[in-house]
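Heads up: the structure comes next, in structure tokens.
The values are calculated or read from the model by the stated rules, or taken from the named source; none is laboratory data. In this text, all values refer to a predicted model and were calculated from it rather than measured experimentally. Cβ coordinates were reconstructed from backbone atoms using ideal geometry, including for glycine residues, and neighbour counts include every protein chain displayed.
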Amino acid sequence: MTSRRDFLKYTGAVTLAATQPQLSWAQQTLPARPIPGTDEQLAVIGLGNSQAFRSGDRDSAGQLLEIFLSRGGNYVDVGGSSALVVGELGHSMGKTDQLFLGNYLDPRDDMQDVARSLAGAQHKSALDLVHTRSLEGFRSSHDSYRALKEEGLVRYIGVARTGASGFEAMAGLVDDGLVDFIQVNYSMMEPQAGERLLPLAMDRGVGVAISRPFINGDYFSIIRGHALPEWAAEFDCATWAQFSLKFILSHPAVTCVLTETANPEHAVDNIGAGFGRLPDDATRQRMLAHMRGLA
Ligand SMILES: NC(=O)c1ccc[n+]([C@@H]2O[C@H](COP(=O)([O-])OP(=O)(O)OC[C@H]3O[C@@H](n4cnc5c(N)ncnc54)[C@H](OP(=O)(O)O)[C@@H]3O)[C@@H](O)[C@H]2O)c1
């Protein structure tokens with residue numbers, strides 16, 4: 001378990017953040033946004049399916065979860081074995097109700113049984129969110145997904161997909177009112193979803209979780225050797241990781257951004273992006289131009 005002192009130690013290790021006014025956020029709870037059409041709030045920074053969860057290393061996974069949950073985080077994306085590891089750890093920490101777990105369930109004949117069994121393993125009366133990467137499968141099996149909700153086995157249903165080739169089909173599902181949530185890649189390096197899909201989701205009242213905020217780590221190769229622009233301080237941005245996350249969070253359709261890390265210091269850095277000001281439209285354009293200059 002990570003004590004307050006450990007948390008502050010990690011906070012202090014993020015050198016730039018420690019020199020900024022943001023230091024005060026070490027004592028604060030992450031800002032949250034509502035799941036559209038509900039009173040339920042999700043913290044703006046979520047956790048991706050970390051290697052710490054996938055490896056089943058309980059110490060590393062527990063440390064990461066403790067940091068995240070102690071700042072009020074809730075959404076964790078849990079593919080594969082992580083669904084059991086995180087569910088069990090959350091239970092042992094007494095945080096089952098705080099955790100909002102994004103599960104994956106492809107269409108199959110025994111979806112009810114699988115959902116019931118997974119909910120039991122996560123110590124939840126109903127799974128928080130069930131989604132699939134199969135856009136076609138979701139549409140053709142929509143009745144089965146909806147039945148999971150109607151039977152109280154699942155609270156929200158949706159689809160998760162990266163890559164612009166899936167955006168049109170995803171937009172069709174959003175437009176037809178079939179999904180509660182979408183998970184999609186969006187960032188300064190991959191801005192395409194911001195053009196039509198995200199505005200459409202906002203218009204239709206669909207929750208939006210963002211994947212690949214750092215294009216699976218390639219972002220850090222792009223910015224390596226470059227100083228963070230001084231004007232980043234104007235929106236309380238202290239690090240390059242926060243530069244990407246604050247761009248994403250300043251899109252009004254975004255409910256939560258999923259950050260993947262196995263490193264506690266990076267988790268603290270990423271959580272820091274949830275605090276303080278966000279860039280306005282003009283600054284977003286400046287950020288895009290700046291990144292184009294680096295790439
Ligand atoms: N449904 C799908 O098809 C799908 C596809 C892709 C992604 N996703 C979801 O989206 C999540 C995130 O996307 P992603 O996997 O592309 O990962 P990402 O979050 O874009 O990038 C992760 C990489 O960035 C590094 N990193 C994270 N925070 C950092 C920081 N503050 N400073 C420096 N390096 C940092 C991590 O290394 P360290 O571990 O060393 O920090 C890791 O190498 C995934 O975990 C998954 O949950 C879903």
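Tabulated values for the structure
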| read-out | value |
| --- | --- |
| Unmet requirement for Pro107, which otherwise passes all of (1) within 16 Å of the ligand (Cβ to nearest atom); (2) modelled with pLDDT of 95 or more | (2) |
| Condition met for Leu65 (part of a helix (DSSP H, G or I) and either buried (at least 17 other Cβ atoms within 10 Å of the Cβ) or modelled with pLDDT of 95 or more (or both)) | yes |
| Matching residues, the stretch 93-114, being touching a residue at least 24 places away in the same chain (Cβ under 8 Å), farther than 18 Å from Ala209 by Cβ and either more than 22 Å from the chain's Cα centre (by Cα) or crowded, with 22+ Cβ neighbours inside 10 Å (or both) | Pro107, Met111, Gln112 |
| Close pairs (7 angstrom Cβ cut-off, 6 or more residues apart or separate chains): more than 16 Å from the ligand (Cβ to nearest atom) in the stretch 262-286, of a type in the set (Lys, Arg) and not in a loop (DSSP other than H, G, I, E, B) anywhere | Leu278/Lys246; Pro279/Lys246 |
| Residue ID - nearest to the chain's Cα centre (by Cα), chosen from residues in the stretch 150-167 that are surrounded by fewer than 17 Cβ atoms within 10 Å (Cβ to Cβ) and within 16 Å of the ligand (Cβ to nearest atom) | Gly163 |
| All positions within the stretch 44-67 that are more than 15 Å from the ligand (Cβ to nearest atom) and under 19 Å from the mean Cα position of the chain (by Cα) | Gly62, Glu66 |
| Count of the stretch 210-241 residues which are near the ligand (Cβ under 8 Å from one of its atoms), crowded, with 19+ Cβ neighbours inside 10 Å and of a type in the set (Gly, Ala, Ser) | 2 |
| Residue within the stretch 244-259 that is within 28 Å of Gly56 (Cα to Cα), among the small types (Gly, Ala, Ser), in contact with a helix residue (DSSP H, G or I) (Cβ under 9 Å, 6 or more places away or on another chain) and more than 10 Å from the ligand (Cβ to nearest atom) present | no |
